[in-house]
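Each value in this text was obtained by applying a stated rule to the coordinates, not by laboratory testing. Note that the coordinates shown come from a computational prediction; the quantities given were computed from them, not determined experimentally. Cβ placement follows ideal geometry from the backbone for every residue including glycine, while neighbour counts extend to all protein chains displayed.
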Amino acid sequence: MSEEMKKNDLSLAWDNCQTWMESGEALTVKVDSVVKGGVVAFVEGIRGFIPASKLTNSYVEKLEDFVGKEIEVQVITCEKAEKRLVLSGKELAQKKAAEAKKALKEQFKAGATVEGTVESIMPYGAFIRLADGVSGLVHISQISDKRVKAVEDVLAVGDAVTAKIINTEKGKISLSIKALLVPEEVVVVEKEPVFNYKEEGKASTNLGDLLKGLKF
């Protein structure tokens, strides 16, 4: 390939990068190497820089772990004259995480019984971890069928609980432990017949009443 053709191809690549930056299109690139402050990946032959803070949606301890891996990125800076191309995978990773969280939440329907672990205690209730990235709130009024003065008196972080989903409005999951409690069994005690006694101590039921209806 002639130098002129290479220049034309490179110029077209820069134009493509400009278009992708404007559209926000997702590109799949392979991380080539680690440099100061981030990593390098190539887009149609153009060297692109991905800052460590823009690599993904979470803190990256070892940049070397990404070398050789393919990730989705967007072009966030495209300066053809300065030959400066900056990429970011953070926004796409955040979007994917949010979509995955939403899809997971949709699996939890009102009326379902779920199991989880107490992850934090608040004055107004406890947050229950149901799955990765998904938690529900048990309000203090829904912890027990008895009055609860303080959440800590009943629950502790790490406790395994079973609860019922009572609401999923606005993407928030409301739980109730109380709804699954079996009401205390009501014991019916048969009462002895009560006789009315007169003041002089004689029963108001006379002999005739007692013998009424009996056949001899």
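Structure above, values below:
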quantity: Ellipsoid semi-axes in whole angstrom, largest first, where each is sqrt(5λ) of the Cα gyration tensor of the stretch 98-140; calculated: 19, 12, 9
quantity: Fewest-first ranking of Lys90, Lys36, using other Cβ atoms within 10 Å as the exposure measure; calculated: Lys36, Lys90
quantity: Net lengthening on full extension, Lys36/Ala156 (0.36 nm per residue, minus Cα-Cα); calculated: 38.7 nm
quantity: Under Karplus coefficients 6.51, -1.76 and 1.60, residue-wise ³J(HN,Hα) of the stretch 123-138 in Hz, glycine/proline x; calculated: x, 9, x, 9, 8, 10, 7, 9, 6, 4, x, 10, 9, x, 9, 9
quantity: Sum of side-chain charges, Lys69 neighbourhood, beta-carbon under 14 Å (Lys, Arg +1; Asp, Glu -1); calculated: -3
quantity: Euclidean distance of C-alpha centroids, the stretch 89-168 and the stretch 20-42, integer Å; calculated: 37
quantity: In Hz, Karplus ³J(HN,Hα) per residue of the stretch 14-22 (6.51, -1.76, 1.60; θ = phi - 60°; x = Gly, Pro); calculated: 5, 5, 5, 4, 5, 5, 5, 5, 5
quantity: Taking the stretch 1-119 and dividing mean pair separation by its residue count, relative contact order in percent (alpha carbons under 8 Å, at least six apart); calculated: 23
quantity: Convex hull per residue volume in Å³, alpha carbons only, for the stretch 3-61; calculated: 97
quantity: Taking Phe127, Phe49 and counting other C-beta atoms within 10 Å, the order from fewest to most; calculated: Phe49, Phe127
quantity: Built amide H within the under 5 Å cut-off of Val67, gap 5+; calculated: none
quantity: 11 Å reach of a label modelled at Arg129, 7 Å along Cα-to-Cβ, counting backbone N of the stretch 102-123; calculated: 117-120
quantity: Quarter of the Cα convex hull surface for the stretch 105-180, i.e. its orientation-mean projected area (nm²); calculated: 4.5
quantity: Net charge contributed by nearby residues that have their C-beta within less than 15 Å of Val118 (K/R +1, D/E -1); calculated: -4
quantity: Count, lysine Cα pairs under 14 Å in the stretch 105-180, 8 or more residues apart or across chains; calculated: 8
quantity: Ranking of Ser174, Ser53 by count of other Cβ atoms within 10 Å, fewest first; calculated: Ser53, Ser174
